[in-house]
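Reading through the structure tokens given below for one structure.
The values are calculated or read from the model by the stated rules, or taken from the named source; none is laboratory data. None of these values were measured; they are calculated from a predicted model. Here the Cβ positions follow ideal geometry from the backbone for every residue, glycine too, while neighbour counts run over all protein chains shown. Accessible surface is based on the protein model in full, side chains and every heavy atom, while ligands, DNA and RNA are left aside. Shrake-Rupley method; radii C 1.70, N 1.55, O 1.52, S 1.80 Å.
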Amino acid sequence: MPRPGIFPVPPKGPGYYSVWDHLTDQCRPAAPKSGYAPFAINAWPFFDADWRYVEGISQQDRTTVEQFKRMHLNDCLMLSVGGEFWIRYSNENNSRLRQDENDYALTHVRQYADLWYSDSLRLFGEFVWADSFGEELPPVPPDVDRGDILNMFVDVNLGEIAGSPVYARAGRQELLYGSQRLVTPLPWANKRNSFDGVKIFRQGKHWDFDAFLTKFVPPQANDFDSADDNQTFAGAWLTHRPKKGETRDFYYLLYDNDNVAAPLGFTKSPFQTHTIGSRWAGDQDGLLWDFEGALQFGEQGNNDLFAGMGTAGVGRRFSDSFLSPTFWMYYDYASGDNDLTDGNAHTFNQQFPFGHYYMGWMDLVGRQNIHDVNAHLYLYPTKATTVWLQYHHFWLAESQDALYNAGGVPYRIDPTGAAGTDVGDEIDLVLNFHLTKYSDILVSYNKLFGGSYLQATSGPNAAVDAETLYLIFQQRW
């Protein structure tokens, strides 16, 4: 799977890779292989989990989970099954930058089955039940989806190009590309993003290519999810890996949304955006880098749209040092609009982003009309424990445009620009404890210290500061 930005470099070599390893005094020569991430949040879809390594393990030496992967039913049929239980407790003070407390729990269960007929045909299906308990504010749409299809598609092998197979996929599917700044399944959400449509893709040693045409599938709390015919999402994505550790992405995205929305009194949709971008990321001799930029044009309401985003990050890993630290420094920018009435629009549309990962765990800032200088430090007190420290300093790109949350919804604005641009500073502390090979506990404390812009736009039920505490337990199988 493609590396995200801010990627850590975990320690290697002999050690205890889970809490269970510590308790049973099982020192492993290296990190155990798994199709799942050793972290409470698994970014990639289950249909991209790589279980090929189990073919080299005898049946009696496989874990219970591994015994249900790549089961050969006969010479042509192969079946894998698995899933996840996840519960997230949230305690939010001044939730959503309102003067409200929100103390609640989110849970979901996912179950999938993956059937292959040789390398010619594949059928993948995944069920999800997502629910919310105790929310004092109205749940956001991804919080609740009681019994639905997350993925249901067919892959057909169309042949080979340069020695690698080309597949066509049709049906409901998650989409994940590049850094996930613009296209992600949204693994933080209780119910992940799904799309109905078709895709053609090839994955090779050095070159990957995808082209897709889909409709977004919004979650429905108590009804069966169906595609929104007013939201078309399509694109082409080319990835080049010239050598190990280095990735180059080139992409085009089309997002056409005919739904009408005018939050805070100004039109944000309908819109049609065309996004052209590129990314270069990698590591060499302890030096890490991650650069991405995109230009966007199209229409927003009756306005012509021209916007852009850019990110630049450099880091350093110290694998042989105490706590095996990895350090990153980033600057993120997304354009805003300095005049909402002149017939032109310049606010970048963030598409379907993994904002929680990049723009702070408070989910109060999106990749629209923003500057963000941020620093990240990963530490590994043990091979079973990940510590992730973040600091963000936010300010608006344009004072007359809005502040947008992680979902791209504008929720604070001063059209005069008199409130300035200083949004504030955020700190995030994330601790992940890898309990067993397939289970984790994550604890996160996060606080936003509001700046002069939030102070000037505060008022009845509009807060300046906010803080959250998250507790997550996940079990996969």
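Based on alpha-carbon positions alone, could you give the equivalent ellipsoid semi-axes of region 1-77 from the gyration tensor, as √(5λ), descending, whole Å?
Taking √(5λ) for each eigenvalue gives 24, 20, 10 Å, largest first.
For n ≥ 4 DSSP H runs only, could you compute -39500 (n - 2.57) per run for the chain, divide by its residues and tell me the 222 nm figure to the nearest 500?
Counting only the DSSP helices, I get -500 deg cm²/dmol.
I need the phi-derived Karplus couplings for region 465-477: 6.51 cos²θ - 1.76 cosθ + 1.60, θ = phi - 60°, integer Hz, Gly and Pro marked x.
Along region 465-477, the couplings run 10, 7, 8, 9, 10, 10, 10, 10, 10, 10, 10, 10, 8 Hz.
Taking the Cα centre of region 143-211 as origin and charging only Cβ (+1 Lys, Arg; -1 Asp, Glu), how large is the dipole, in debye to the nearest 20?
On the way: 9 positive and 9 negative charges, 21 e Å.
Using Cβ point charges on Lys, Arg, Asp and Glu, region 143-211 gives about 100 debye.
Looking at the chain, I'd like the Rg to Rh ratio, where Rg is from alpha-carbon atoms and Rh is Kirkwood's inverse mean 1/r.
0.95
At 1.4 Å probe size, with no ligands or nucleic acids counted, give the accessible surface of LEU73 in Å², nearest ten.
100
How would THR273, THR416, THR63 rank on accessible area, largest to smallest, probe 1.4 Å?
Values: THR273 0, THR416 100, THR63 45 Å².
Ranking THR273, THR416, THR63 by accessible area, largest first, yields THR416, THR63, THR273.
With each label point set 7 Å from Cα along the Cα-Cβ vector, what nm distance links PHE306 and LEU431?
Placing both labels 7 Å beyond Cα along the Cβ direction yields 5.1 nm.
If I model region 246-404 as equal point scatterers sitting on the Cα atoms and use the Debye formula, what is log10 I(q)/I(0) at q = 0.14 Å⁻¹?
Per q value, in the given order, log10 I(q)/I(0) is -0.77.
Report, largest value first, the span of the C-alpha coordinates of region 288-339 along each principal axis, in whole Å.
57, 16, 12 Å, listed from the longest principal axis down.
Could you tell me the largest-minus-smallest coordinate of the C-alpha atoms of region 114-259 on each of the three principal axes, in descending order and whole angstroms?
54, 33, 31
Roll a 1.4 Å probe over the protein chains and send me the accessible area per residue for the chain in Å².
42
Using the Kirkwood radius over C-alpha pairs as Rh, can you work out the diffusion coefficient of region 380-477 via Stokes-Einstein at 37 °C, viscosity 0.692 mPa s, in µm² per second?
This corresponds to a translational diffusion coefficient of 210 µm²/s.
Label-point separation (nm) for HIS274 and ASN222, each offset 7 Å from Cα along Cα-to-Cβ?
Computed distance between label sites HIS274 and ASN222 equals 4.4 nm.
Given labels modelled 7 Å from the Cα in the Cβ direction, how far is it in nm from ASP61 to LEU23?
2.5
Which parts of region 219-256 would a label at ASP50 reach, counting a residue when its backbone N lies under 17 Å from a point 7 Å out along Cα-to-Cβ?
239-248
Quick check: convex hull of the Cα atoms in region 180-246, volume per residue, rounded to a whole Å³?
Values: hull volume 7.3 nm³, N = 67.
Value for region 180-246: 110 Å³ per residue.
Hey, what D do you get for region 28-169 in µm²/s if you plug the Kirkwood alpha-carbon radius into Stokes-Einstein at 4 °C and 1.567 mPa s?
In µm²/s, the coefficient rounds to 72.
Show me, for region 348-356, the HN-Hα J-couplings you get by feeding each phi into the Karplus relation (A = 6.51, B = -1.76, C = 1.60, θ = phi - 60°), rounded to Hz, glycine and proline as x.
5, 9, 7, 6, 10, x, 9, x, 4
Where Rh denotes the Kirkwood radius from the mean inverse Cα pair distance, what is Rg over Rh for region 301-370?
On the way: Rg = 16.9 Å, Rh = 14.5 Å.
Radius of gyration over Kirkwood radius for region 301-370 works out to 1.17.
For region 33-80, what size does the Cα cloud have along each of its three principal axes, sorted from largest down, in whole Å?
34, 22, 15
Dipole of the chain (Lys/Arg Cβ +1, Asp/Glu Cβ -1, origin at the Cα centre): which of HIS371, TRP51, PHE39 lies farthest to the positive side?
Most positive-ward Cα: TRP51.
Over all pairs of distinct alpha carbons, what does the Kirkwood formula give as the hydrodynamic radius of region 49-103, in Å?
14.9
Extension gain GLU101-ASP258, at 0.36 nm per residue separation less the Cα-Cα distance, in nm?
53.0 nm
Once you order the gyration tensor axes a ≥ b ≥ c over the Cα atoms, which shape class does region 163-217 get: rounded for a/c under 1.5, otherwise prolate or oblate by comparing a/b with b/c?
Here region 163-217 falls in the oblate category.
P(r) for region 314-444: what percent of alpha-carbon pairs falls in each 10 Å bin, starting at zero?
12, 35, 28, 16, 7, 1
Quick one: P(r) of region 241-330 from all Cα-Cα pairs, 10 Å bins, percents rounded to integers, in order of increasing distance.
Result, from short to long distances: 15, 30, 23, 18, 12, 2 percent.
Explain nothing, just compute: Karplus ³J(HN,Hα) = 6.51 cos²θ - 1.76 cosθ + 1.60, θ = phi - 60°, for every residue of region 456-464 in order, whole Hz, x for Gly and Pro.
6, 9, 7, x, x, 6, 10, 8, 9
By how many nm would the segment from HIS240 to ASP119 grow when fully extended, if each residue of separation counts as 0.36 nm and the alpha-carbon distance is taken off?
Gain on extension, HIS240 to ASP119, equals 41.1 nm.
In whole percent, how big is the carbon plus sulfur part of the accessible area of region 53-121, probe 1.4 Å, protein atoms only?
On the way: 1860 of 3480 Å².
Ligands and nucleic acids excluded, carbon and sulfur reach 54 percent.
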